[in-house]
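Here is the structure we will look at.
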Amino acid sequence: MADLNDPVRLAELHGAMLRTDADAILDACVARAARLARAPIALVSLVVRHIQLLRAHHGLPLELAVSCATSRSNSFCQLVVRDEAPLLVEDALRDERVPKELVEHYGIRAYAGVPVRVRGHAIGSLCVLDVVPRRFDPRTIDGLDQLAIEVAGRLSDLVERDAPIGSADLQERLVRIEQATRVLERALLSLAPVIAAAQNAAGVRPQAPVDAMHATPSALVTITSLRAAVGCWRDMGSVAEELCDEAAAVASSAPAASGLVAAARALARGMAEVGPLVRLAEGVLEGTLEETAAERGRSLVLRGAIEAHEAACAAVNEIRAGALRARAATGSGAAP
C-alpha cells in the first residue's frame, strides 16, 4: 500500500504534468478508453496532495471540465494509487470503499481505474466512469492497462521536452530565483481574495492563510479583485515553471542549493492545486459557468485550495532562503 503523501511519489508530479492545457495524445487516450469501456466519462487523473488533477478528460460535467480537479479525499482514483492496483466499482451507491460525494453530485455509479506509473511510482489513474451500475470485463481492464502505459510515456515525454536547455552563470541563476520569489509572493497575495470569496460564498470562516494576507471584507467580492487574481495566477504559472528549471540547473552545480528543487516542485504543486478554484472563478467572471455549477465545483476543491495556498507561500519563503544560502556559500551577497 502506497503513502499518498510520500515525498518521493509527489516529486514525480512536476513540470508539464501539472498543466491543464489540452494535449492531443492524452486526449486521444481518454477518448479511446471511453470507447473501449463503452462509458460516457474517461479521465487521466493525477493524485496530488490535496486534489486529483484531471490532466485529460472526456465527457465531464462543465464545472469539472473547467476546474480540472476534485478534492483528493472525494476521489475514487486515490484508492487506485494507494493500492497501486486496479479498482473496479460495479455500484458506487453500495460500495463502502468509495467516497460518496461524486456519487451524490454527479450520479457516478460505476468505475474502473488502473494505475499510471512513472519510474515505478503510481502517480495517478486512467479511469472510466458510468452513471449506471455495471460490470467491466477483463478485456476492458487489460485495454486500460495498455493505455495507461501510453499515458505514462506521454507524461514523461512532456516533462523531458520542457527540460532546461543550455547553461548560465550560477550567480545569475540565483539572482533570478530570488527575483522570481518576489514576483510569486506578490501574485500569491493577490490570490487571497479568490480564496476568501469562495470561503465567504460557502459560509466557511476564513482561515489563517487568508487572514495573513490581509484580505478585507470589501475585497472578497469585487469583480476587479477577482479578475486581478485570475490574471496573476495565469501569469505566475510560467514564472514558477522557469523557477523550477533554474533550481534544477543550480542544484546540479551547487550542493548548497540541493533543497531548491524540492521546494520549487512543492511550489508548482501548490499552484496547481490552487488552480481549480481560480478556473472556477474565471468561468463565472466570463459567463461560461453558472454560479450553481461553480458552487458544486467549489465544494470539491475549496479546502485543498486553502491548504495549497498556505503551502505555496511557505515554499516561496523556503526557495528564497535556499537561494540566499547558496549565494552566501558561493561567495556572493544578496540580490539587489
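The values are calculated or read from the model by the stated rules, or taken from the named source; none is laboratory data. Note that the structure is a prediction, hence the values are computed from the model and not measured. Here the Cβ positions follow ideal geometry from the backbone for every residue, glycine too, while neighbour counts run over all protein chains shown. Only protein heavy atoms, including side chains, enter the accessible area calculation; ligands, DNA and RNA are left aside. Shrake-Rupley method; radii C 1.70, N 1.55, O 1.52, S 1.80 Å.
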Problem - Listed values (1) 34, 62, 4; (2) 32, 55, 13, 0; (3) 28, 55, 17, 0, entry calculated as P(r) over Cα pairs in 20 Å bins from 0, in percent - result: (2)
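Quick one: accessible area per residue over the stretch 1-153, 1.4 Å probe, rounded to a whole number of Å²?
Values: 6270 Å² over 153 residues.
Value returned for the stretch 1-153: 41 Å² of accessible area per residue.
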Exercise for the section: Report Glu290's accessible area, 1.4 Å probe, all protein chains in place, as a number in Å² to the nearest 10. Expected result: 140
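Could you give the longest part of the chain that holds none of the trypsin sites (Lys or Arg not before Pro) found in DSSP loops with at most 11 neighbouring Cβ atoms within 10 Å?
136-336
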Practice task
Please give the solvent-accessible surface of His309 in Å², to the nearest 10, using a probe radius of 1.4 Å with every protein chain present.
Solution key: 0
Exercise for the section: Please give the net charge around Ala328, taking every other residue with its beta carbon less than 14 angstrom from that of Ala328, where Lys and Arg add +1 and Asp and Glu add -1. Expected result: +2
Handout entry: Acute angle (nearest 10 degrees) that the helix 223-253 long axis makes with the longest principal axis of the chain, alpha-carbon atoms
Key = 70
Fill in the blank from the handout: Computed over the chain: longest principal axis from alpha-carbon atoms vs helix 170-202 long axis, angle to nearest 10 degrees, is 50
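Where the only charges are on Cβ atoms (+1 Lys, Arg; -1 Asp, Glu), what is the dipole of the chain about its Cα centre, to the nearest 20 debye? Walk me through the intermediate numbers first.
On the way: 36 positive and 42 negative charges, 39 e Å.
With Lys and Arg at +1 and Asp and Glu at -1, about 180 debye.
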Problem - Degrees separating the helix 24-37 axis from the principal Cα axis of the chain, which is the longest one - result: 20
